[in-house]
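Participant: Okay, here's the structure, questions in a sec.
Derivation of every value follows stated rules applied to the coordinates shown; laboratory data play no part. From a predicted model like this one, the values you see are computed outputs, not experimental measurements. We place every Cβ from the backbone using ideal geometry, glycine too, and count neighbours over all the protein chains shown.
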Amino acid sequence: MKKRGKGIACIFYGTGYGNGFPDVSRAYAELQPDGKVAIYTGATEVGQGAKTALSQIPAEVLGLTVDDIIFINEDTSITPDAGTAAATRQTYNTGNAIKMAAEELKKELINIAVKELGLNSDAGLEMKDGKIYLKILPDKCITLAQIAAKQSEPLRTFATFTAQTVQIDPETGQGAPYWPYTFSACAVEVEVDTETGQVEIIKAAHAQDVGRAINPKMIEGQMEGGFAMAMGYVLYEDLGLENGRIWNNKLSTYIIPTAMDMPEIQNIIVEDPESTAPYGAKGIGEPVMIPVGPAILNAIYDAVGVRMTEIPVTPMKLLQAIREKEKQGA
Amino acid sequence: MSFNVIGKSVIRVDGLAKVTGKAVYPQDIYMDGMLYGKTLRSTVPHAYFTLDTSKAEKIEGVVRIFTAKDVPGHNAHGVLFKDHEVFCAQKVRRIGDPLAFVVATSEKIAQKAVEAIEVKYEELPAVFDPVEAMKDEIKVHDGTSNIIYHYKLRKGNIEEGFAKSHVVVENVYKTSMVDHAFLQPEAGIAYVEEDGTIVVCAATQYPHFDQLEIAEAMGVPAEKVKVINPAVGGAFGGREDITLQIHLAIAAVATGGPVKAVYSREESFVAHSKRHPEIIKIKTGADKEGKLLALEAEIIADTGAYASWAINVTRKSGIHVTGPYVIPNVKVDAYAVYTNNPFCGAMRGFGATQVPIATEQQMDMLAEKLGISPVEIRLKNAFTKGSETANGQILTESVPLITCIKKVADALEMA
Amino acid sequence: MKKISLTVNGKLYQVEVEEDMRLLDLLRDKLGFTGVKEGCSEGECGACSVIMDGKLVTSCLIMAFQAEGKEIITIEGLQKEDGTLHPIQQAFLEEGAVQCGFCTPAMVLAAKALLDKNPHPTDEEIKEGISGNLCRCTGYAKIVSSVKKAAEYLNKGGK
Ligand code: FES
Ligand code: FES
């Protein structure tokens, strides 16, 4: 028999290294001869989209497009340390450092423009599309490339951002271990085959607090990827560990979700900007995964009335639990 | 506020290279005259061992075989404790510990030589159950307790909280050890530049930290090491710890390089960290209306043979086991424990992924006992702006949890 | 050693291959088509997929000598000389179907093999068509929608 059930779960997630450990990101912003701006930072692109999101931030600051930002992050000898691409910290931490470096560069560029254009002040100056101009008299205008040409050395700014957390008391745990926190919730509907123990996810809704969305499509991509990884975690993945040996050490035996396993997911991006974050944006790479697993487990209970306290819930385990329950009921 | 670029789904800046197949992952780098490296790894979980490389060395095409004695600096690495050895010197603590690195003119020869190295093990009793390990009868690392961290949270008075509770549920949950299974297996290439700078090109999450770890193991100042981090084929926490970076650096310096290594999927499984499996004993109590009054939890996280991020992961479990709820009385003890299992470290969610498997099922059980819906019990207890966490931290802003709950509940027509 | 000839992306190659050399190694190590990826070496992940005589195959399971006389398409063969992307590549970019990108070249080829045969696939057919290709990053949703979009582009006579 096939039985359906629904489940919900919600979570909070503290981002960053946390616990008072210095969580530092650094970045350079540098004007290029052609008026583009290079960002140098040690933040890794692991596929999460750091390069893109962290290019959108300085582009916004400087009135440029992402194509005008040259993002350099691959070489330790020319980039400053920006911490690890983990702990959901790059958007917030390195995002802040880059934003500060870009703002600093903007200030310098404006000061140069004031001088070069022979103005009395920076009031009413606008920086857009690679130009700085006076809004009330647009002919008073200088391009970033022109400014670059006038420099004997490349114009370069540097910024450091350090997140604020407070170490917890070792006896009571009191402190401020993380900041910021991100929130999410997930609801799923499953169908359990009581003959086989197979769980199919029929549909799902997944809501993620992002502070502010920098790139909605990339956020959705993270949410969908997190969903799949969580499905694998609670339903399939098993190393087959026995006396310290991993028996399932191949992709033919260590099963991860395929396209066929994926339900239709309704992604809901929830915005509530965080004042200490770059444009209010918080990281989401990890939290997107977390509520999905327990939502599935709660849906399984709703469907067949068994509590699965051990994951993964393989068909065999679930079938056993269902049989057990039937025995008790009989 | 209106934005020009923020909030726009601009196309990924690294997308074009990736859809055209031009993105360069470390395995895609080929250099003239490059040599190939293969790692010999332990096949038993706990043992003293000796190596005889003499037969392997004689195989034609084998350039050199590196072992613990060839590490020029510290034979150690690790993100928190330096408890990993670059190559085990005398003792292995898990299946998969690196013992030697063979460098040869081809991958095939290197593989053949790895198989020709004779390893003699003097096996030691091993411990795989973290609860057993907590007794410290078998020590995974000499001279240290297997319990490497104890997180404690004490808030309010849980006895009182449970006494006042109308409903209480108590259960034990177990989560599993799993792998990141990023699609790109570990690979790298190392060489030495004219001025003596050691260049290691490998997929990593934190190039600047790798730089320090390579420098320490090589016994050179950090400026003498350059890490190049090309396209990375997924990470999810599994590229936080060193795998082949130091082996390649040692081999490149000794042979003049370049030296390349690519792990098979099987080797990838044993080479990098795993997600900590946890045993979560949890008791939750609520009043008649469904307001949470008390939570008590004990968490045991098995970190396997090495600490990696165990302390931070376990702390994160301890902090997040409350769920996103206001609870006046909380007691949590979370332990990170060494065993002879594969080592565990960072993986997406980092300790906060395990605990909701327990916490969130507890919530539904309480709701069922009280005859209220899962949505309702969450809305009643959820953090809002100004809430205080069990750690005493005030959530001053950006707390749209209720919105998240309501939106997904609406979408699936859950009341 | 054996001498074989094969066509890759429209170009004829004559190469010497060892008996135990896989097509994957021939393409990557010998011919430099590094867009072909290796993720598992056992036919499970699909990252090494190429199109051989019109069919999607996992090149880790095929010996190089078996490619004698075959016509092979790799990801490197999709972009036009003038830089124009194939509609599938374009759709992948626009829809955000790429994250780490390691699965992407083969995923694009899987989509091509599917659309060449079935120009109007349903979502289910798309999922089936790419089910031999694992992706650990995206959860597949955006890949499925890009294949849909690519189908539209192609049906409109290319973009
Ligand atoms: S490498 Fe061929 S299918 Fe995975
Ligand atoms: S994008 Fe990373 S595996 Fe598909």
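Participant: Once label points are set 7 Å from the Cα along Cα→Cβ at both A:Thr143 and A:Gln320, what is their separation, rounded to one decimal in nm?
Facilitator: Result: 7.1 nm between the two label points.
Participant: Among the aspartates and glutamates, select those whose C-alpha is under 14 Å from the C-alpha of B:Lys283, and discard any that sit fewer than 8 residues away in the same chain.
Facilitator: Straight-distance partners of B:Lys283: B:Glu159, B:Glu160, B:Glu170, B:Glu296, B:Glu298, B:Asp333, B:Glu360, B:Asp364.
Participant: If one puts a single equal scatterer on every Cα of the stretch C:21-159 and applies the Debye formula without solvent, what log₁₀ I(q)/I(0) results at q = 0.09 Å⁻¹?
Facilitator: Summing over Cα pairs of the stretch C:21-159 leads to -0.24.
Participant: Starting from the coordinates of the alpha-carbon atoms of the stretch A:25-160, obtain the Kirkwood hydrodynamic radius over all distinct pairs and give the value in Å to one decimal. Numbers along the way, then the final one.
Facilitator: Values: mean 1/r = 0.0663 Å⁻¹.
Answer for the stretch A:25-160: a Kirkwood hydrodynamic radius of 15.1 Å.
Participant: Something else now. Within the stretch A:230-273, whose backbone N sits under 15 Å from a point 7 Å along Cα→Cβ of B:Thr43?
Facilitator: Of the residues in the stretch A:230-273, A:245-246 have backbone N under 15 Å from the label point off B:Thr43.
Participant: Using a 10 Å cut-off on Cβ to Cβ distances, tally the other chain neighbours for every residue of B:365-378 and report the average as a whole number.
Facilitator: Rounded to a whole number, the mean comes out at 2.
Participant: Can you pull the Kirkwood radius for the stretch B:31-142, inverse mean 1/r over Cα pairs, to one decimal in Å?
Facilitator: Values: mean 1/r = 0.0657 Å⁻¹.
By the Kirkwood definition, the hydrodynamic radius is 15.2 Å.
Participant: On average over all directions, what projected area in square nanometres does the stretch C:2-77 have, based on the convex hull of its Cα atoms? It would help to have the intermediate numbers written out before the result.
Facilitator: Details: hull surface 16.8 nm².
Dividing the Cα hull surface by four gives the mean projection, 4.2 nm².
Participant: Please tell me which of these pairs span more than 25 angstrom C-alpha to C-alpha: A:Lys325/B:Lys281; B:Lys8/C:Lys37; C:Lys37/C:Lys80; C:Lys70/C:Lys148; C:Lys80/C:Lys149? Before the final figure, lay out the partial values.
Facilitator: Working: A:Lys325/B:Lys281 22 Å; B:Lys8/C:Lys37 31 Å; C:Lys37/C:Lys80 21 Å; C:Lys70/C:Lys148 29 Å; C:Lys80/C:Lys149 19 Å.
B:Lys8/C:Lys37; C:Lys70/C:Lys148, as the Cα separations exceed 25 Å there.
Participant: Still on this structure, please answer the following. For the residue pair A:Leu119 and B:Asn171, what label-to-label distance in nm results when each label sits 7 Å from Cα along the Cα-to-beta-carbon direction?
Facilitator: According to this spin-label approximation, the distance is 6.4 nm.
Participant: Moving on to the next point. Is there a simple number for the mean count of other chain Cβ atoms within 10 Å of the Cβ of residues in B:384-394, and what is it?
Facilitator: Values: counts 0, 1, 0, 1, 0, 9, 2, 12, 9, 11, 1.
Other-chain Cβ atoms within 10 Å of each residue's Cβ, averaged: 4.
Participant: First measure r as the distance between the Cβ atoms of A:Asp169 and B:Ala89, then evaluate 1/(1 + (r/R0)^6) with R0 = 41 Å and state the FRET efficiency to the nearest 0.05. Intermediate values should be presented prior to the final figure.
Facilitator: Details: r = 39 Å, r/R0 = 0.94.
Computed FRET efficiency for A:Asp169 and B:Ala89: 0.60.
Participant: What does the highest-first list of B:334-343, C:68-77 look like by mean Cβ count within 10 Å? Numbers along the way, then the final one.
Facilitator: Working: B:334-343: 28.2, C:68-77: 19.1.
So the peptides B:334-343, C:68-77, ranked by packing, come out B:334-343, C:68-77.
Participant: Sort B:251-261, B:45-55 by the packing proxy (mean of other Cβ within 10 Å over each peptide's residues), most packed first.
Facilitator: B:251-261, B:45-55
Participant: Right, next: Just the number: Rg to Rh for the protein assembly as shown, Cα atoms, Kirkwood Rh, two decimals. Don't jump to the answer; show the numbers that get you there.
Facilitator: Numbers: Rg = 27.6 Å, Rh = 28.5 Å.
On the Cα set of the protein assembly as shown, Rg over Rh gives 0.97.
Participant: In addition: Step through the residues of the stretch C:55-68 one at a time and calculate ³J(HN,Hα) from phi using the Karplus curve (6.51 cos²θ - 1.76 cosθ + 1.60, θ = phi - 60°), rounding each to whole Hz and writing x for Gly and Pro.
Facilitator: 10, 6, 10, 8, 6, 7, 9, 10, 7, 4, 5, 6, 8, 3
Participant: Output wanted: per-residue J couplings in Hz (rounded whole) for the stretch B:338-353, from phi through Karplus 6.51 cos²θ - 1.76 cosθ + 1.60, θ = phi - 60°, x for Gly and Pro.
Facilitator: For the stretch B:338-353, the Karplus-derived couplings read 6, 9, 9, 7, x, 7, 10, x, 7, 8, 2, x, 6, x, 8, 7 Hz, x marking Gly and Pro.
Participant: While we're on this one: Looking at this model, which pairs from A:Lys2/A:Lys203; A:Lys203/A:Lys282; B:Lys22/C:Lys112; A:Lys282/B:Lys407 are more than 25 angstrom apart at the alpha-carbon? Intermediate values should be presented prior to the final figure.
Facilitator: Values: A:Lys2/A:Lys203 15 Å; A:Lys203/A:Lys282 27 Å; B:Lys22/C:Lys112 18 Å; A:Lys282/B:Lys407 19 Å.
The answer is A:Lys203/A:Lys282.
Participant: In addition: Would you mind checking the pairs B:Lys58/B:Lys274; B:Lys274/C:Lys30; B:Lys155/B:Lys380 and listing those with alpha carbons more than 31 angstrom apart? Write down the numbers at each step before the final one.
Facilitator: Details: B:Lys58/B:Lys274 37 Å; B:Lys274/C:Lys30 35 Å; B:Lys155/B:Lys380 20 Å.
B:Lys58/B:Lys274; B:Lys274/C:Lys30, as the Cα separations exceed 31 Å there.
Participant: Right, something else. What does the structure give for A:39-46 when I average, per residue, the other chain Cβ atoms found within 10 Å of the residue Cβ? Can you show the working numbers first?
Facilitator: Working: counts 0, 0, 0, 7, 4, 10, 11, 17.
Per residue, the average neighbour count from other chains is 6.
Participant: For chain A, what are Rg and Dmax over the alpha carbons, in angstrom?
Facilitator: 25.4, 92
Participant: So how do B:125-135, B:396-406, C:104-114 stack up, highest first, on mean other-Cβ count within 10 Å? Display every interim value, and only then the final one.
Facilitator: On the way: B:125-135: 17.5, B:396-406: 21.5, C:104-114: 27.4.
By packing density, highest mean first, the sequence is C:104-114, B:396-406, B:125-135.
Participant: Let me ask something else about it. Please express the shape of the stretch B:74-214 as an equivalent ellipsoid: the semi-axes are the square roots of 5 times the eigenvalues of the C-alpha gyration tensor, given largest first in whole angstrom.
Facilitator: Working: eigenvalues 357, 98, 56 Å².
Each semi-axis is the square root of five times an eigenvalue, giving 42, 22, 17 Å.
Participant: Hey, which lysines would be in cross-link range of A:Lys135, C-alpha to C-alpha under 19 Å, not counting anything within fewer than 8 residues on its own chain?
Facilitator: Cross-link targets: A:Lys106, A:Lys107, A:Lys115.
Participant: In µm²/s, what is D for chain B at 10 °C and 1.306 mPa s, where D = kT/(6 pi eta Rh) by Stokes-Einstein and Rh is the Kirkwood radius from Cα pairs?
Facilitator: Numbers: Rh = 23.8 Å.
Calculated translational D: 67 µm²/s.
Participant: Let me ask you something else. Measuring from label point to label point, each 7 Å out along Cα→Cβ, what is the C:Lys30 to A:Ile202 span in nm?
Facilitator: Label at C:Lys30, label at A:Ile202, 5.4 nm between them.
Participant: By a straight-distance test (C-alpha under 12 Å), which aspartates and glutamates pair with B:Lys112 as possible cross-link partners, with residues fewer than eight away in the same chain excluded?
Facilitator: Those aspartates and glutamates meeting the cut-off are B:Glu57, B:Glu60.
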